[in-house]
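Structure record follows, encoded as structure tokens.
The values are calculated or read from the model by the stated rules, or taken from the named source; none is laboratory data. Remember, predicted model here, so these are calculated numbers, not experimental data. Ideal geometry is used to build each Cβ from the backbone, glycine not excepted, and the neighbour counts take in all protein chains shown.
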Amino acid sequence: MYRENAEKLLDFIQKSPTAFHAVEEMSLRFRQEGFEELKENTPWNLKKGGRYFVTRNHSALIAFSVPETDVRKFHIIASHSDSPTFKIKENPEILSDNVYVKLNVEKYGGMICAPWVDRPLSVAGRLVVKENGNLIEKLVRIDRDLLLIPSLAIHMNRSVNEGVAYNVQKDLLPLYGGEEAKDTFMKLVADAAGVTEEDILGHDLFLYSRTPGAIWGAEEEFISSGRLDDLQCAFSSMEGLLEGTHKESIAVHCVLDNEEVGSGSRQGAASTFLKDTLWRINAGLGRSYEEYLMTLAESFCISADNAHSVHPNYLDKADPVNHPVMNKGIVIKYNADQKYCTDAFSAAVFKDICKDADVPFQTFVNRSDMAGGSTLGNISITQVAVPTVDIGLPQLGMHSPYETAGVKDTAYFIKAAKEFFR
Ligand code: ZN
């Protein structure tokens, strides 16, 4: 069961080089499973026993299942579709010394820069093109080794092993080709999308790592790949929804975009996407605004974003007592300043779910002299104020293009999500 889920996760990540592709993959899966697609710009007529999904910006998705009976609470799992990477700028080509073409990129989110260097990369994202007088979106992925950011030789930087301060504009522009490659990049992208270069009126294109995921370790207990943060949680939440029986709550699988840049977009946790969707579910079932607020008061949210395992080489970076370990279960995150929403009540609810699902859990708190990261929960709660617990799956190397997690933990979260969505 563990290995099978880990392989399915790697397959999902492999097909999801960007948030757009992750949402496309999930949409395909939900359609296959008989979920009906709703559009934000048309009316929703919902039925008891119905299963639906809706997307926003093609980079965030909410799928939900309405019980047959008159149940009035939402059970929500929220995760995110984006990961730190590099975005390709407008007019992307730069000719270097008239002999090389490199691409002009900027940072998206807070990545560890070094591991992006010296590994094969490519480009994926979405285009907006004019076809038959209409503006339409096209996903694009160049499915071959196309780019690489070469490091500077140690002979030209003798202090390289004492640490490098990367300047994106100077140090991290990927090499695309020799001088013959001049003026071909956007044509290559257009060809990959099956459109003409002139028809491309807009693009959101990102670098992605070509290094395939791996399952490794003495007992094959570890899984490594890009984008484990947060597709490991998004995938587990999706599987949990598909396996759950949805009798005791309106089950909501919510994957938001732009977490890595603060969530303040039309499709991020600070947006109205979740609130609008919950409200429309309520209205679509013929219920009043007061009934909506009453339903929220009975609801619960699991904010699922990956967590830090204690690092074998840096024990001193962890809290002296709370040491999450890969393959030892779901991590409940605590922070007194409410960067994490977990409190006594929401922790108790979540531990109870884990116990019912027979799934192990552990606890994470930052060292008291170290600021932690931020996540979705305390941002989405400003829009949808339901009791929320912050959790994640333990991993190493967060925000590297090659992160590491435990093979067992995906299956643990699927089991807990299924229990939550029962
Ligand atoms: Zn994350």
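A few remarks follow.
- Only one entry in Ala251, Ala269 is within 15 Å of the ligand (Cβ to nearest atom) and on the phi < 0 side of the Ramachandran plot, namely Ala269.
- Thr85 meets each of the listed conditions (1) within 16 Å of the ligand (Cβ to nearest atom); (2) modelled with pLDDT under 95 apart from (2).
- Candidates Leu241, Leu296 - the one that is in contact with a strand residue (DSSP E or B) (Cβ under 6 Å, 6 or more places away or on another chain), more than 16 Å from the ligand (Cβ to nearest atom), assigned to a helix (DSSP H, G or I) and within 25 Å of Lys351 (Cα to Cα): Leu241
- For Ala78, the conditions (1) more than 16 Å from the ligand (Cβ to nearest atom); (2) surrounded by 23 or more Cβ atoms within 10 Å (Cβ to Cβ); (3) not hydroxyl-bearing (Ser, Thr, Tyr) are fulfilled apart from (1).
- Among the conditions (1) among the charged types (D, E, K, R); (2) out of contact with any Cys (no Cβ under 9 Å at 6 or more places or on another chain); (3) closer than 30 Å to Phe86 by Cβ; (4) touching a residue at least 60 places away in the same chain (Cβ under 8 Å), the only one that Lys339 does not satisfy is (4).
- Residue check for Asp11: of a type outside the set (Phe, Trp, Tyr) and not in a helix (DSSP H, G or I): no
- Among the candidates Val325, Val310, residue that is away from the ligand (no atom under 16 Å from the Cβ), modelled with pLDDT of 95 or more and out of contact with any Ser or Thr (no Cβ under 7 Å at 6 or more places or on another chain): Val310
- Note on the range 199-243: among residues that are over 20 Å from Asp82 (Cα atoms) and of a type in the set (Phe, Trp, Tyr), the one that is surrounded by the fewest Cβ atoms within 10 Å (Cβ to Cβ) is Trp216.
- Whether a residue is within 16 Å of the ligand (Cβ to nearest atom), surrounded by fewer than 18 Cβ atoms within 10 Å (Cβ to Cβ) and either closer than 27 Å to Trp116 by Cβ or within 22 Å of the chain's Cα centre (by Cα) (or both) was assessed, and Gly397 does not pass this test.
- Taking the range 170-237 and the strands (runs of 3 or more DSSP E) fully enclosed by it, the elements with 2 or more residues that are in contact with a Pro (Cβ under 7 Å, 6 or more places away or on another chain) are at 200-209.
- Condition check for Asp358: in contact with a strand residue (DSSP E or B) (Cβ under 8 Å, 6 or more places away or on another chain) and charged (D, E, K, R): no
- The condition of being more than 24 Å from Ile200 (Cβ to Cβ) and either touching a Gly at 6+ places or on another chain (Cβ under 8 Å) or loosely packed, with under 11 Cβ neighbours inside 10 Å (or both) holds for only one of Asn167, Asn157, Asn134, that being Asn167.
- Residues satisfying the stated conditions in the range 39-60, i.e. over 17 Å from Gly286 (Cα atoms) and either within 16 Å of the ligand (Cβ to nearest atom) or not in a strand (DSSP E or B) (or both): Lys39, Glu40, Asn41, Asn57, His58, Ser59, Ala60
Each row is one residue, and each column tells you yes or no for (1) within 16 Å of Ser79 (Cα to Cα); (2) within 16 Å of the ligand (Cβ to nearest atom); (3) of a type in the set (Phe, Trp, Tyr); (4) at pLDDT below 95.
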{"position": "Val349", "(1), (2), (3), (4)": "no, no, no, no"}
{"position": "Cys354", "(1), (2), (3), (4)": "no, no, no, no"}
{"position": "Pro360", "(1), (2), (3), (4)": "no, no, no, no"}
{"position": "Ser368", "(1), (2), (3), (4)": "no, no, no, yes"}
{"position": "Leu376", "(1), (2), (3), (4)": "yes, yes, no, yes"}
{"position": "Glu403", "(1), (2), (3), (4)": "no, yes, no, no"}
{"position": "Thr410", "(1), (2), (3), (4)": "yes, yes, no, no"}
{"position": "Ile414", "(1), (2), (3), (4)": "yes, no, no, no"}
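- Some residue of the range 104-118 being outside any strand (DSSP E or B), in contact with a Lys or Arg (Cβ under 9 Å, 6 or more places away or on another chain) and without any contact (Cβ under 8 Å) to a residue 60 or more places away in the chain: yes
- Residue that is surrounded by the fewest Cβ atoms within 10 Å (Cβ to Cβ), among those in the range 312-350 that are assigned to a loop (DSSP other than H, G, I, E, B) and among the acidic types (Asp, Glu): Asp337
- Filter pass, Glu40 being touching a helix residue (DSSP H, G or I) at 6+ places or on another chain (Cβ under 6 Å) and either at pLDDT below 95 or surrounded by fewer than 20 Cβ atoms within 10 Å (Cβ to Cβ) (or both): no
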